[in-house]
Amino acid sequence: MNAAGRVAILGGVRIPFARQNTNYAAASNLDMLTATLKGVVERFVLEGRRLGEVAAGAVLKHTRDFNLTRDASLASGLAPETPAYDVQQACATSLESAILVGNKIAMDQIEVGIAGGVDSASDTPVAITRVFISEPLNTVGYPVPRKADTPGADRRKPALVALQELTIKNSAANLKKQVGAALSPTHVLPLAESSSD
C-alpha cells in the first residue's frame, strides 16, 4: 500500500455570520453557497476550470436543495464538468467535506478540490406531521373545525392554533415579565447596513 500524499489547504472564503432573520432572511442555502463558491472562483482565478471535485452541503435542507452543491457549482463559474456532491452531517458538514476532499487528494485520486458547507436558520424547512396531512383545510390554510359530536373533536388542537398560542406565550411582553428587562433592538448588533435600492 502506498503512503498517503501531503494535503494543503490553500485558502478559503466565507460570507459573514448574521443573526437569524436579519441580513440573510431572504437568502436560501443555494444563494449563500453559490456566493461563497463564486468568491473562491474569483479569489483563485478558477473561472472555467475543471477541478477534481466540490463537496459541500447543509444540514437544514429543503427538498428543493436535493442537489445543492451541484447547483451552486454550476452557477459559480467553475467548468460544468467539475463533479460536485452534497454532504450532510450535523454540526460538521464543512469539516467532513474537507476530510473527504483531503482524503481523495492524499490518495492521488484528485489534484485539487473545494470543500464547504452552509446553513440558514432563516430559511428552515417546515414539515407538517402525518396527523394533519389528512385534515381538510379551509381557504386560509387552517384545519376545518370538527363538529362537536365527532369522536376525538376535543382531543387535539389544530397545528396552527397551537403554534399561534406558543408564539403569544413567547412574545416580548411575556419575556419582559420573565426576564425583568425590556428587550429592544439595541441588544442586536447589525452585521451590515442593507440598502433598499
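So here's what we get for this one:
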| quantity | calculated |
| --- | --- |
| Burial order of peptide ranges 10-16, 23-29, 78-84 (average beta-carbon count within 10 Å, highest first) | 23-29, 78-84, 10-16 |
| Spin-label model distance (nm) - TYR85 vs VAL59, 7 Å beyond Cα toward Cβ | 2.2 |
| Selection of trypsin sites (Lys or Arg not before Pro), the range 48-114, meeting DSSP coil and at most 14 other Cβ within 10 Å | ARG49, ARG50 |
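Since every read-out is calculated from the coordinates, none of them should be taken as a lab result. This is a predicted model, so every value here is computed, not measured. Here Cβ is always computed from backbone atoms with ideal geometry, including for glycine, and neighbour counts include all displayed protein chains.
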